[in-house]
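> Sharing a structure with you now.
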Amino acid sequence: MQIPEAEKILFEQYSIKGKASKLPGELDANFKIKVDNKPTYILKIANENSSESELDFQEKILLHLSNSAKNKAFPQLIKTNSGNYISEIETEKGIFRKVRLLSWMEGRIWSRVNPQLNDLRFSLGQKVGEITHKLLGFKHKEAARKFVWDNAQTSWVKDHLHLFSKGKKELVSYFLNRFFYFEKDYKKLRKSVVHNDVNDHNILVSEDLLKPTVTSIIDFGDAIKTQVINDVAITCCYAIMHHNDPLEASLSIVKGYNATFKLEAKELKFLYTLIGIRLVISVTKAAINKKENPENTYLLISEKPAWELLKKWKTVSEDFAHYSFRNACGFSAHPNKHKFENWAKKQDFSLAELFPTINKNKIEHLDLSVSSSWIGHQKEFNDLDLFQFKIEQLQKQVPTKIIAGGYLEPRSLYTSTSYNKVGNYGKESRTIHLGIDFWLPENTPVHTLFDGEVVVADNNSNNKNYGGFIILKHQQKDFHFYTLYGHNTAESVLKHKTGDFIEKGTQIAILANYPENGNWAPHLHFQVFLSMLDCINDFPGVAFFNEIDVWKSICPNPNLLFKVDGFKENLIDISDEILIERKAHLGKGMSLQYKKPLHIVRGLDQYLMDFSGRKYLDTVNNVAHVGHENFEVVKAGQKQMAVLNTNTRYLHENIHILAKELLETLPKELSVLHFVNSGSEANELALRMVKTVTNSQEIIASEIGYHGNTNATVNISSYKFDGKGGKGTPKNTHIFPIPNSFRGKYRGKNTAKNYANEVQLLIDNIHQQNKKVGGFIIEPIISCGGQVELPEGFLEKVYQKIKKAGGLCISDEVQTGIGRMGKTFWGFQLHNVIPDIVTIGKPLGNGHPIAAVACTKEVAEKFANGMEFFNTFGGNPVSCAIATQVLQTVKNNNLQKNAFKVGDYLKQELLTLSKEFPIIGNVRGQGLFLGFELVNKELQPLPKQTDYLINRMKGFGILMSSDGPDNNVIKIKPPIIFSKKDAQEAIFYLKLVFKESFMNLTKI
């Protein structure tokens, strides 16, 4: 049916003049009706084959829901001129069709909402559950009709298997077979009239871009009386498409549905297969429609994503999905969890039964968690000889105990890619240990605690992390469970065969040493679990943190058997307690990053880790210059700390070794060094030098510049005194406009000259006050000002003016130095200038408190006017050893070159993104010191979008931060070991976030 005919019907039946536009539909002709440029109605002209009974069914459902709803959550039926909700018309082709007019429901359809996060999916489940609840007891003769889109009537699909290729046929057949296997029990589940078609075109979402919720479910044309759980399955199907982890995406829907309509435990057993069945119906209908209606693209709209989801869904463990659904609905994840716990309470086993030759029943807890200081550096932990030595030393301290631990312990030591996946929120790692490790000597015999049947006996061919391992099944009166014994010799394990019955007390294994045991020091991994899931020759010993509530139900604490004192709980999130303490006892001026602050407990290279072992790719912390906890840097500090740490009043070679390394990177004119503890101290000392040398305190600095947190450095930092809590420009400070050629005072041609003239105006003003110019300070790229690159030629012109006026030039290299620029080792070298003074900050110590001031011999001699310069810790042997290693690491590992290559790649990728997303107004910086600015079409700053981007990227496991006077610049200054692969990951997720609705300029 065409638009003019629809508009004619609208006027004849409802006396409404409106503009119609076509909407998609499988059978009905649907039109959006605009009246006075406002969408107010939807006109539905039924297919000629639609029965009056079917339409009456839909009419009665809508009336029932409208009467029971407190608000206008559902479409309202509009009466015709004759007072009916349904009328019949004859089309121009002489065909009789039924017509209905419904109120237009405001909102975005689900398919246009981005992102679709857990809270939104929860609200979807809530809304659909609400509909089911309202329709309980609703009756209509049409509710029991035959209908191909009813999961309960799936048998028709078998007649169309010939339409699929071999692989697709196998996939479809798998879910059909699962369905027919349990069909008898499935038919006994409770039924009700349900919506039955909650697809992504029938869901309306609020216009709130930050906290969207589902406002309405429309189109009840597929409503039917069927098993209630079918509606949950259908709702999940369409809402979890396009997700890397469809099971995780489904759980919030199930949880929301259960919040408004309580699901029964027995229903959840079938949900996994029913999701598959709905997808099977969808792809089968698409295959049929391809042949019968190839021109109707609406009929095929979900085909490709349905196949993709079906393939993913097949890889999900049916049992694990079942347990996850139970957990989402408030049941114990594993149905036999409480049975096992009650049984275990009555048992009395000892560790001496497990290890008779050891005959010890006490344990010494060993903490190998991600936050443990005992394990030391990751590289030390991977040194098996060192680890074994430490175990032996600990055992000597506790000779009457068995060293043990590990249950639900978050560990950072699992580095194999087999432990990783890309979930719905970025990279995830299996970090949570599910068993107990008992650290014992090589060749210690292991005995079984119970009678059992051998389920698996393997020599590590499938699981090289377990070594030789054996799994036993233990049958109890009304449940069974399994025990796993890992890290044994292959010979001792392979004596047993699958199906063997082993009596309690039998020796079943002997502990192996590395490498036979999976590259670990000798120990037994002992694990209890209540289901084998889909595992045949293996079982996971480590789980993903976001699944841990389910896993700890499947794998109960083995100590329930032994009841030994001394085990400590490791998986405790104390973030809230730390936050409370922080607020109570730390200054409020100490800010935190992110809306929900991170509890970081370990650093490793370009990553920071939280208490659960999740890694966050760090694009922010330039202080960790050569990587968080760089091993060589850490060892250099440890070695010297064990020998001597004192002040510079004594002779020590370390300070001279460091001085030599540092001076080799600087122009020969900068030949004298002073060592201090921080960038703030370095700039403070530089100001003292200026005052002493020039006999002037008049300092010229940039707007939005930041140079430290001491009194003197705050006084020259516009970023501070012009910001919140600041009191404006101090007496001896002179500020020129930030030389920003993108959104600054001057843009386009002659930018450098114009900004240099602003500096000259300040020089002239100082002279007019009969004062001398003391100094000029600036960062070669202004960091807090928004990663602002200085206009080409600006610094050279300004240095000439300052020196002509008798002042000194300071280059603040706290953030830009030591190879970060890529092209050059120091930032000032980008501008073809040589400062009088260079200040260097904590990146020199990779976070350890050491900094330096480099100056010309002339400045140094004038500064040495008799007043002693002394800094208790500046230049101490430990700090110097660390800083020397940092410089050598940059040189030996070609990290300046890496900063250039990776930085250039990242900058080019950001520029490419800016073409696709105009919200990126400007990309700037050098090497691995980059920034990009978010603005609208009028170049107005977008701080809310910037904040949103930062927090969304954090959700994907990538740390970012903002800067600039308007907080609209994303700064990128990671450790300079940052790789091209890291850059690609950051760009990938940036692109995802830029596609989200809140980042869309049309919504601003």
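The values are calculated or read from the model by the stated rules, or taken from the named source; none is laboratory data. As the structure is a computational prediction, the values presented were derived from the model and not from experiment. Using ideal geometry, Cβ is built from the backbone for each residue, glycine included, and neighbour counts are taken over all protein chains shown.
> Of GLY499, GLY541, which residue is of a type in the set (Gly, Ala, Ser), surrounded by fewer than 18 Cβ atoms within 10 Å (Cβ to Cβ) and over 15 Å from PHE450 (Cβ atoms)? Show your work before the answer.
On the way: GLY541 fails: surrounded by fewer than 18 Cβ atoms within 10 Å (Cβ to Cβ).
Of GLY499, GLY541, the one residue that is of a type in the set (Gly, Ala, Ser), surrounded by fewer than 18 Cβ atoms within 10 Å (Cβ to Cβ) and over 15 Å from PHE450 (Cβ atoms) is GLY499.
> Looking at (1) touching a Pro at 6+ places or on another chain (Cβ under 9 Å); (2) small (Gly, Ala, Ser); (3) not assigned by TED's automatic domain parsing to the domain that holds GLU861, find the lone condition where GLY589 falls short.
(1)
> Across region 593-609, which residue is farthest from SER412 (Cα to Cα) among those that are in a strand (DSSP E or B) and in contact (Cβ under 8 Å) with a residue 60 or more places away in the chain?
Within region 593-609, the first condition is being in a strand (DSSP E or B), and the residues that meet it are 600-605, 607-609.
Subsequent filtering for residues that are in contact (Cβ under 8 Å) with a residue 60 or more places away in the chain retains 601-602, 604-605, 608-609.
Numbers: VAL601: 11, ARG602: 9, LEU604: 10, ASP605: 13, LEU608: 11, MET609: 8 Å.
Filtering region 593-609 for residues that are in a strand (DSSP E or B) and in contact (Cβ under 8 Å) with a residue 60 or more places away in the chain, the one farthest from SER412 (Cα to Cα) comes out as ASP605.
> Taking the conditions exactly as written (in the same structural domain as GLN885 (by TED's automatic domain parsing), surrounded by 20 or more Cβ atoms within 10 Å (Cβ to Cβ), of a type outside the set (Ser, Thr, Tyr) and within 39 Å of the chain's Cα centre (by Cα)), does ILE810 satisfy them or not?
No; evaluated as a whole, the condition is false for this residue.
Residues checked against (1) surrounded by fewer than 16 Cβ atoms within 10 Å (Cβ to Cβ); (2) in contact (Cβ under 8 Å) with a residue 60 or more places away in the chain; (3) assigned by TED's automatic domain parsing to the domain that holds ARG100; (4) not in a helix (DSSP H, G or I):
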position	(1), (2), (3), (4)
GLU7	no, no, yes, no
GLU12	yes, yes, yes, no
ILE33	no, yes, yes, yes
ILE42	no, yes, yes, yes
ASN49	yes, no, yes, yes
ILE61	no, yes, yes, no
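> Considering only helices (runs of 4 or more DSSP H) fully contained in region 509-592, which possess at least 1 residues that are in contact with a strand residue (DSSP E or B) (Cβ under 6 Å, 6 or more places away or on another chain)?
Working: elements: 548-554, 559-562, 575-585.
Output list reads 548-554.
> Kindly indicate whether ALA239 is surrounded by fewer than 24 Cβ atoms within 10 Å (Cβ to Cβ) and either in contact (Cβ under 8 Å) with a residue 24 or more places away in the chain or over 17 Å from ILE203 (Cβ atoms) (or both).
On the way: surrounded by fewer than 24 Cβ atoms within 10 Å (Cβ to Cβ): no; either in contact (Cβ under 8 Å) with a residue 24 or more places away in the chain or over 17 Å from ILE203 (Cβ atoms) (or both): yes.
So ALA239 does not fit the description; no.
> Follow-up question, since we're still on this one. Under the condition of being in contact with a strand residue (DSSP E or B) (Cβ under 7 Å, 6 or more places away or on another chain) and free of Cβ contacts under 8 Å to residues at least 40 places away in the same chain, which residue from region 17-28 is surrounded by the most Cβ atoms within 10 Å (Cβ to Cβ)?
This residue is ALA20.
> Also, I was wondering about something else. When you go through (1) farther than 30 Å from GLU292 by Cβ; (2) at pLDDT below 90; (3) buried (at least 17 other Cβ atoms within 10 Å of the Cβ) one by one for SER68, which number turns out not to apply?
Failed condition: (3).
> Determine whether LEU27 is closer than 30 Å to HIS242 by Cβ and not in a loop (DSSP other than H, G, I, E, B). Before you say what the answer is, go through the steps one by one.
On the way: closer than 30 Å to HIS242 by Cβ: yes; not in a loop (DSSP other than H, G, I, E, B): no.
Spelling it out, it is not the case that LEU27 is closer than 30 Å to HIS242 by Cβ and not in a loop (DSSP other than H, G, I, E, B).
> Looking at GLU142, GLU90, GLU130, GLU106, which one is free of Cβ contacts under 8 Å to residues at least 24 places away in the same chain and of a type in the set (Asp, Glu)? Let's see the steps before the verdict.
Working: GLU142 fails: free of Cβ contacts under 8 Å to residues at least 24 places away in the same chain; GLU130 fails: free of Cβ contacts under 8 Å to residues at least 24 places away in the same chain; GLU106 fails: free of Cβ contacts under 8 Å to residues at least 24 places away in the same chain.
Exactly one of GLU142, GLU90, GLU130, GLU106 is free of Cβ contacts under 8 Å to residues at least 24 places away in the same chain and of a type in the set (Asp, Glu), namely GLU90.
> Does any residue in region 939-951 that is part of a helix (DSSP H, G or I) come within less than 6 Å, Cβ to Cβ, of a residue that is surrounded by 16 or more Cβ atoms within 10 Å (Cβ to Cβ) and not polar (S, T, N, Q) six or more places away or on a different chain, and which pairs are these?
The qualifying pairs are PRO943/ASP966; GLN945/LEU934; GLN945/MET999; THR946/LEU934; TYR948/PHE998; LEU949/VAL993; ILE950/MET960.
> Kindly indicate whether any position in region 909-919 is among the aliphatic types (A, V, I, L, M), farther than 20 Å from ASN630 by Cβ and without any contact (Cβ under 8 Å) to a residue 40 or more places away in the chain.
Here is the first cut: in region 909-919, the ones among the aliphatic types (A, V, I, L, M) are 910-911, 913, 919.
Applying the additional criterion that residues be farther than 20 Å from ASN630 by Cβ yields 910-911, 913, 919.
Filter once more, so that each one left must be without any contact (Cβ under 8 Å) to a residue 40 or more places away in the chain: 911.
Yes, the conditions are met somewhere in region 909-919.
> Under the condition of being closer than 15 Å to GLY435 by Cα and surrounded by 14 or more Cβ atoms within 10 Å (Cβ to Cβ), which residue from region 565-586 is modelled with the lowest pLDDT?
Filtering region 565-586 for residues closer than 15 Å to GLY435 by Cα gives 567-571.
Filter once more, keeping what is surrounded by 14 or more Cβ atoms within 10 Å (Cβ to Cβ): 567, 570-571.
Details: PHE567: 94, ASN570: 81, LEU571: 85.
That would be ASN570.
> If only one of ILE735, ILE657, ILE716 is over 18 Å from PHE869 (Cβ atoms) and part of a strand (DSSP E or B), which one is it?
Numbers: ILE657 fails: part of a strand (DSSP E or B); ILE716 fails: part of a strand (DSSP E or B).
Every option except ILE735 fails the conditions.
> For region 654-699, give me the residue count where each residue is in contact with a helix residue (DSSP H, G or I) (Cβ under 6 Å, 6 or more places away or on another chain), more than 16 Å from GLY807 (Cα to Cα) and surrounded by fewer than 19 Cβ atoms within 10 Å (Cβ to Cβ).
Of the residues in region 654-699, 4 are in contact with a helix residue (DSSP H, G or I) (Cβ under 6 Å, 6 or more places away or on another chain), more than 16 Å from GLY807 (Cα to Cα) and surrounded by fewer than 19 Cβ atoms within 10 Å (Cβ to Cβ).
> What about TYR272, is it among the aromatic types (Phe, Trp, Tyr) and within 26 Å of the chain's Cα centre (by Cα)?
Numbers: among the aromatic types (Phe, Trp, Tyr): yes; within 26 Å of the chain's Cα centre (by Cα): no.
The answer is no for TYR272.
> Test LEU844 against the criterion of being closer than 19 Å to VAL620 by Cβ and part of a helix (DSSP H, G or I), and give yes or no. Let's see the steps before the verdict.
Numbers: closer than 19 Å to VAL620 by Cβ: yes; part of a helix (DSSP H, G or I): yes.
It is true that LEU844 is closer than 19 Å to VAL620 by Cβ and part of a helix (DSSP H, G or I).
> Within 43 Å of the chain's Cα centre (by Cα), within 19 Å of SER702 (Cα to Cα) and crowded, with 24+ Cβ neighbours inside 10 Å: which single residue out of ILE818, ILE840 fits that description?
Among ILE818, ILE840, only ILE840 is within 43 Å of the chain's Cα centre (by Cα), within 19 Å of SER702 (Cα to Cα) and crowded, with 24+ Cβ neighbours inside 10 Å.
> Can you say whether GLU364 is out of contact with any helix residue (DSSP H, G or I) (no Cβ under 6 Å at 6 or more places or on another chain), surrounded by 13 or more Cβ atoms within 10 Å (Cβ to Cβ), assigned to a helix (DSSP H, G or I) and of a type in the set (Asp, Glu), as far as the supplied structure shows?
Details: out of contact with any helix residue (DSSP H, G or I) (no Cβ under 6 Å at 6 or more places or on another chain): yes; surrounded by 13 or more Cβ atoms within 10 Å (Cβ to Cβ): yes; assigned to a helix (DSSP H, G or I): no; of a type in the set (Asp, Glu): yes.
No.
> If ARG952 passes every condition in (1) surrounded by 21 or more Cβ atoms within 10 Å (Cβ to Cβ); (2) closer than 22 Å to VAL814 by Cα; (3) of a type in the set (D, E, K, R) but one, which one does it miss?
That leaves (2) as the condition not met.
> Scan region 376-408 for residues that are surrounded by fewer than 15 Cβ atoms within 10 Å (Cβ to Cβ) and touching a Leu at 6+ places or on another chain (Cβ under 8 Å) and report the count.
2
> I need the full set of residues from region 162-188 which are surrounded by 15 or more Cβ atoms within 10 Å (Cβ to Cβ) and over 39 Å from the mean Cα position of the chain (by Cα), in order please.
Hit for region 162-188 is LEU163, nothing else.
> Just give me the residues in region 758-777 being part of a helix (DSSP H, G or I) and under 28 Å from CYS855 (Cβ atoms), in sequence order.
As a first pass, look at region 758-777 and keep what is part of a helix (DSSP H, G or I): 758-768.
Selection gives GLU758, VAL759, GLN760, LEU761, LEU762, ILE763, ASP764, ASN765, ILE766, HIS767.
> What residue, among those in region 10-47 that are of a type in the set (A, V, I, L, M, F, W, C) and out of contact with any Lys or Arg (no Cβ under 9 Å at 6 or more places or on another chain), is farthest from ASN81 (Cα to Cα)? If you could, list the steps in order and put the result at the bottom.
At the first step, the residues of region 10-47 found to be of a type in the set (A, V, I, L, M, F, W, C) are 10-11, 16, 20, 23, 27, 29, 31, 33, 35, 42-43, 45-46.
Checking which are out of contact with any Lys or Arg (no Cβ under 9 Å at 6 or more places or on another chain) leaves us with 16, 27.
On the way: ILE16: 10, LEU27: 25 Å.
Restricting to residues being of a type in the set (A, V, I, L, M, F, W, C) and out of contact with any Lys or Arg (no Cβ under 9 Å at 6 or more places or on another chain), the top hit is LEU27.
> Could you check how many residues of region 315-327 are in contact with a helix residue (DSSP H, G or I) (Cβ under 6 Å, 6 or more places away or on another chain) and either surrounded by fewer than 17 Cβ atoms within 10 Å (Cβ to Cβ) or farther than 19 Å from LYS255 by Cβ (or both)?
Of the residues in region 315-327, 1 are in contact with a helix residue (DSSP H, G or I) (Cβ under 6 Å, 6 or more places away or on another chain) and either surrounded by fewer than 17 Cβ atoms within 10 Å (Cβ to Cβ) or farther than 19 Å from LYS255 by Cβ (or both).
> Further, regarding this structure: Just give me the residues in region 700-729 being crowded, with 20+ Cβ neighbours inside 10 Å and either of a type in the set (S, T, N, Q) or more than 22 Å from GLY786 (Cα to Cα) (or both), in sequence order.
SER702, ALA712, THR713, ASN715, SER717, SER718
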